[in-house]
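First up is the structure itself, then whatever we jot down about it.
What follows is calculated from the coordinates using simple rules that are stated; it is not laboratory data. Because the structure is predicted, anything quoted here is derived from the model rather than measured. A quick note on method: Cβ atoms are made from the backbone with ideal geometry, for glycine too, and the neighbour counts reach across all protein chains shown.
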Amino acid sequence: MLAEKHADRINKIFAKYPDKRSGVMDLLYLAQEEYGWLTEDALREVADLVDIDPTQAHSIAGFYTMFSEKPKGKYWLQVCTDLPCALRGADTFYRELCAYLGVEDGGTTDDGLFTVEQVMCLAACDRAPMMQCNFHFHEHLTIEAAKELIEKLRVQAQPETQEDGGA
Amino acid sequence: MIHILLRDLEIPDIWQFDTYTANGGYDGLKKAVHDLSPAETIQIVMDSNLRGRGGAGFSTGRKWSFIPKDAETTYVVVNADESEPGTFKDRQLLEKNPHQVIEGAMLAAYAIQAAAVYVYCRGEFWDLAHALEDRIEEARQANLVGDDILGTGWDCDVHVHLGAGAYICGEESALLNSLQGLLGQPRVRPPFPAQMGGGLYYQPTVVNNVETLANVPWIIVNGADAYKKIGTPESPGTKIFCVSGHVAKPGNYEIPLGLTFRELIYDHAGGILNGKRLKAILPSGASGPVLKATDEVLDAPLTYESVAALGSTLGSASFILMDEDTDMVWAAAKMIHFFKDESCGKCTPCREGTYWLDKIYARLLRGEGTAHDLEMLEKVPNQIAGVTLCALGDFAVNPVLATLEHFRDEYEQYIHQPEFGPEPAQAL
């Protein structure tokens, strides 16, 4: 349960605002971090914490692109294909990335490691093509650089025992 | 070249508290709380004629002056939900010169005697927002934020609030709803944010853009007259121009208002990528009408008034440049797709209208467009603009109407030559 496990963080969130309802977005982030995605139970927990109806928590979760009510890959790649990035080759980059991962637009790789999606402008137009991988930006991308990143993440995602075995 | 805002270009470590204070940082806040009354602080900003840098260009001092003097609880909200396609200036300010934004916000807070400041950062600025919390803590440790600021008895804390990916939350009333934990949709106005019942937690609130606030410390230290010596009388000061698209040197350029389009594009941003010819300019991201790159446009000064006279808007000064090979129907389709995706769904004309426009563009790009589609593209915008609660509806029609006005022949080609169309790479 979030309330027990993250009591300190939750108190810090509530301390920022005169109304605890304002903490709902921070709590949705916390729940997503804890459970990987916003499950029914997670949404109910958050709703209880801020005294709103679970349907209201649902509607807030569904309104924003950074919350997910479905399981995503361990690495959630969001590629900006908006006009400024597209003028610098983002559409081609995105198609090549999908092809490299062997997924359709919006798909997740079979091993559950990567979900790839198009997103709207991420305020990095001067460094296009670019994408967000979970919470971090990767900019000035080429498909080669993206492939390198993906392979690095694949290695990172290996269970630790295997890494130890290799060492 | 004077950098009032992008001071990291001269002082790379300006993001550090000690470097910032060693270079005059927080002198504006100290001057205000020790030597100026809140009313005098507002008056200086009003006299400077600083205009809001988020897009609307409204007088910052006047905005502050609308806060009722008898209000018990007021707030300052920093709009750092930078989401307009082509805009990436607030990000550089918050990353590279964050204390100046904090100081500007504290000056606004002092001017209206705010109970607290909230910085609404778009969720994608995750790393930046967490670093900003560390910068705020440094200011708190130095007694510039928090309780009994500089021994004056005034309390005001600064908090960071993370959005989670919604363009509409850059619209101030939607932002306030989002900050209150409500759905991020615009409010019916009046009451406006500065009025009782219209702001954060329904208390009078000033909502200012990051870049706007970053100007304030300089104005307080150097005075309104000094500020007005930069730029033009109606559009004083410097402005950060975000230049992207087919440009040789994409990036942020802080220049005095009043330079020409040509100077910005060719002298500062290095001209057009690969030596191509410039075809079209979006001076305010996807929201403002596109301009054809004629000599008349290129020689026009970059001021709020002059860009308006050309039939567009300076807005947040996000310059997306498009070269001679750009397919303008495709470009309009991209922008419409953006607005369709970002329409919050509250007002029917915007929700349904952007959906219809998006479908029409998809049809055109597939080579299945008809003359009837062109008629629809002319009619649908009239049913969106002016009849929605916020400006997203008005913005959404600009890509359609402006490209139809300047590049109608390209639409005709799509209809009369079905084989005509973008490269498959572009037709996602």
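What is the sum of charges, Lys and Arg at +1 and Asp and Glu at -1, for the other residues whose Cβ falls under 12 Å from the Cβ of B:Pro193? My count for the surroundings of B:Pro193 gives +1. Give, as ranges by residue number, the residues of segment B:391-418 whose backbone N falls under 18 Å from the point 7 Å along Cα→Cβ of B:Arg363. Inside the label zone: B:400-401, B:404, B:411-418. When each of B:Trp330, A:Trp76 is scored by the number of other beta-carbon atoms lying within 10 Å, the sequence from fewest to most is A:Trp76, B:Trp330.
Here B:Asp134 and B:Lys31 are evaluated by their C-beta separation; at R0 = 25 Å the FRET efficiency comes out at 0.45.
Assuming charge only on the beta carbon of Lys and Arg (+1) and of Asp and Glu (-1), the dipole of chain B about its Cα centre is about 580 debye to the nearest 20. For the protein assembly as shown, the antiparallel share of DSSP beta bridges with both residues in that region comes to about 45%. Placing a label point 7 Å from the Cα of B:Asp127 along the Cα-to-Cβ direction, the residues of segment B:73-91 whose backbone N falls under 15 Å from that point are B:91.
Here the calculated FRET efficiency for B:Ala22 and A:Lys147, from their Cβ-Cβ distance with R0 = 51 Å, stands at 0.70, rounded to the nearest 0.05.
Going by neighbour counts of Cβ atoms within 10 Å, the residues B:Glu375, A:Glu45, B:Glu103 line up, fewest first, as B:Glu375, A:Glu45, B:Glu103. Going from the residue with the fewest nearby Cβ atoms within 10 Å to the one with the most, B:Ser83, B:Ser37 rank B:Ser37, B:Ser83. Between A:His58 and B:Glu324, the FRET efficiency from the beta-carbon distance, with R0 = 51 Å, is close to 0.60.
Amide H contacts under 5 Å for A:Tyr75: A:Phe114, A:Thr115, restricted to partners 5 or more places along the chain or on a different chain, H placed in the peptide plane at 1.01 Å from N.
The mean count of C-beta atoms from other chains within 10 Å of the C-beta of residues in A:86-93, rounded to a whole number, is 6. A cut-off of 5 Å between modelled amide H atoms, ignoring neighbours fewer than 5 places along the same chain, links B:Thr260 with B:Leu302. Taking Cβ atoms as reference points and 15 Å as the exclusive limit, the residues near B:Asp299 contribute a net charge of -2, counting Lys and Arg as +1 and Asp and Glu as -1.
Computed over the protein assembly as shown, the Cα gyration tensor eigenvalues convert (square root of 5λ each) into semi-axes of 36, 32, 24 Å, ordered from largest to smallest. Between B:Ile2 and B:Phe66, the simple label model (points 7 Å from Cα in the Cβ direction) yields a spacing of 2.8 nm. Summary of packing: across the peptides B:350-361, B:109-120, the per-residue average of other C-beta atoms within 10 Å ranks them, highest first, as B:109-120, B:350-361.
Cross-link partners for B:Lys292 among the lysines, with Cα-Cα distance under 29 Å and sequence neighbours closer than 8 places in the same chain left out: B:Lys89, B:Lys239, B:Lys249, B:Lys276, B:Lys279, B:Lys334, B:Lys340, B:Lys359, B:Lys379. Ranked from largest, the principal axis spans of the Cα set of chain B equal 74, 44, 37 Å. Based on alpha carbons, the Rg and Dmax found for segment B:7-228 are 15.9, 46 Å.
Selection among B:Phe395, B:Gly345, B:Tyr355 by position relative to the dipole of segment B:328-426 gives B:Gly345 as farthest towards the positive end (Cβ unit charges, Cα centre).
Legend: mean number of C-beta atoms from other chains within 10 angstrom of residue C-beta atoms, peptide B:314-326, equals 1.
Relative to the current alpha-carbon distance between B:Asp155 and B:Arg189, full extension at 0.36 nm per residue lengthens the span by 9.2 nm.
For B:Val158, which sequence-distant residues (separation of 5 or more, or a different chain) have an amide H within less than 5 Å of its own amide H, given hydrogens modelled in the peptide plane? Amide H neighbours of B:Val158: B:Val117, B:Gly146. Working note: 222 nm ellipticity from helices only, DSSP H runs with n ≥ 4, each -39,500 (n - 2.57), summed and divided by the residues of chain B, gives -12000 deg cm²/dmol to the nearest 500. Projecting the Cα atoms of A:Phe135, A:Ala123, A:Gln32 onto the charge dipole of segment A:32-140 (Cβ charges, centred on the Cα centre) puts A:Ala123 farthest toward the positive pole.
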